Amino acid sequence: MTRDEIDRLALEAAYEQALKSKREGGIPIGSALVNAAGVVLSVGHNRRVQDGDSTAHAETVCIRNAGRRRDWHTLTLASTLSPCAMCTGTSILHKVPRVVIGENRNFKGREDWFAAEGVEVRNLNDPRCIALMEAFVRDHRDLWNEDIAVV
């Protein structure tokens, strides 16, 4: 399996999680963690609304769901949206070397921090991810602003 195929597989798993969150009435952001062979090891979706937990962003939930590991430095984290500071910090703390994002048009997270830490970031500019977040931000502005701490 090529790296491109693995990245797309990881993003597909993340996108399915974003749709799951949307169906649950949450913020439609999903994440997946894959190994170098393309095996999906863990998934997660934003559960902030569902759980009333401001730290339950997709990437953090995904990493939490992965449990205790010693191979973080070999994994790729995929997210449907550019990760915020909290999620960026979580993946940096775990020494995840690659991050694949679906898009950063609706929100550009801390890609600069990834770059400063030597983390490879690949933005797939996925039209489905862009449209999903664009509609959510348009239709749920107050909830979105709450999620990204805009006052």
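The values are calculated or read from the model by the stated rules, or taken from the named source; none is laboratory data. Worth saying up front: this structure is predicted, and the values here are computed from it rather than measured. Cβ placement follows ideal geometry from the backbone for every residue including glycine, while neighbour counts extend to all protein chains displayed. The protein model used for the area step is the full one, side chains on, heavy atoms only, and it has no ligands, DNA or RNA in it. Shrake-Rupley method; radii C 1.70, N 1.55, O 1.52, S 1.80 Å.
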| query | Among Pro97, Pro83, Pro127, which one shows the biggest mean-square fluctuation in a GNM of the chain, springs joining Cα atoms closer than 10 Å? | reply | Pro127
| field | Summed residue charge, Cβ within 9 Å of Gly30's Cβ, Lys/Arg positive, Asp/Glu negative | value | 0
| task | Towards the positive end of the charge dipole of region 1-138, with charges on Cβ (+1 Lys, Arg; -1 Asp, Glu), say which of Ile6, Ala32, His57 has the farthest Cα. | result | His57
| field | Inter-site label distance for His73 and Leu19 at 7 Å from Cα along Cβ, in nm | value | 3.7 nm
| said: With every protein chain kept in place and ligands, DNA and RNA left out, what is the accessible area per residue of the chain? Probe 1.4 Å, answer in Å². | reply: 49 Å²
| query | Quick one: what Rg and Dmax do you get for the chain from the alpha carbons, in Å? | reply | 13.9, 45
| What share of Cα pairs, in percent, lie more than 13 angstrom apart in region 24-77? | 57 percent
| Rounded to whole Hz, the Karplus (6.51, -1.76, 1.60) HN-Hα couplings of region 115-125, x for glycine and proline | 4, 5, 8, x, 7, 6, 10, 10, 9, 8, 6
| Calculated diffusion of region 71-125, Stokes-Einstein form, Kirkwood radius summed over Cα pairs, 37 °C and 0.692 mPa s, µm²/s | 305 µm²/s
| said: Given a 10 angstrom Cα cut-off, can you work out which residue in Gly25, Gly44, Gly52 is the most mobile in a GNM of the chain? | reply: Gly52
| remark: Over the Cα atoms of region 35-109 the radius of gyration and the largest Cα-Cα distance (Dmax), both in Å, equal 12.0, 35
| said: What are the membrane-span-like helices in the chain by this rule: whole DSSP H runs, Cα extent along the axis at least 15 Å, mean Kyte-Doolittle hydropathy at least -0.5? | reply: 127-139
| Hey, any idea what % of the chain's accessible area is carbon plus sulfur with a 1.4 Å probe? | 51 percent
| message | Is there a quick way to get the dipole size of the chain? I mean about its Cα centre, with the Cβ of Lys and Arg at +1 and of Asp and Glu at -1; what is the value in debye to the nearest 20? | response | 280 debye
| said: Can you say what percent of the DSSP beta bridges in region 23-151, counting only those with both residues inside, are antiparallel? Round to 5. | reply: 55 percent
| message | Explain nothing, just the number: dipole magnitude of region 42-113 about its Cα centre with +1 on each Lys and Arg Cβ and -1 on each Asp and Glu Cβ, in debye rounded to the nearest 20. | response | 200 debye
| said: Please compute the modelled spin-label separation between Arg122 and Arg138, points set 7 Å along Cα→Cβ, answer in nm with one decimal. | reply: 3.0 nm
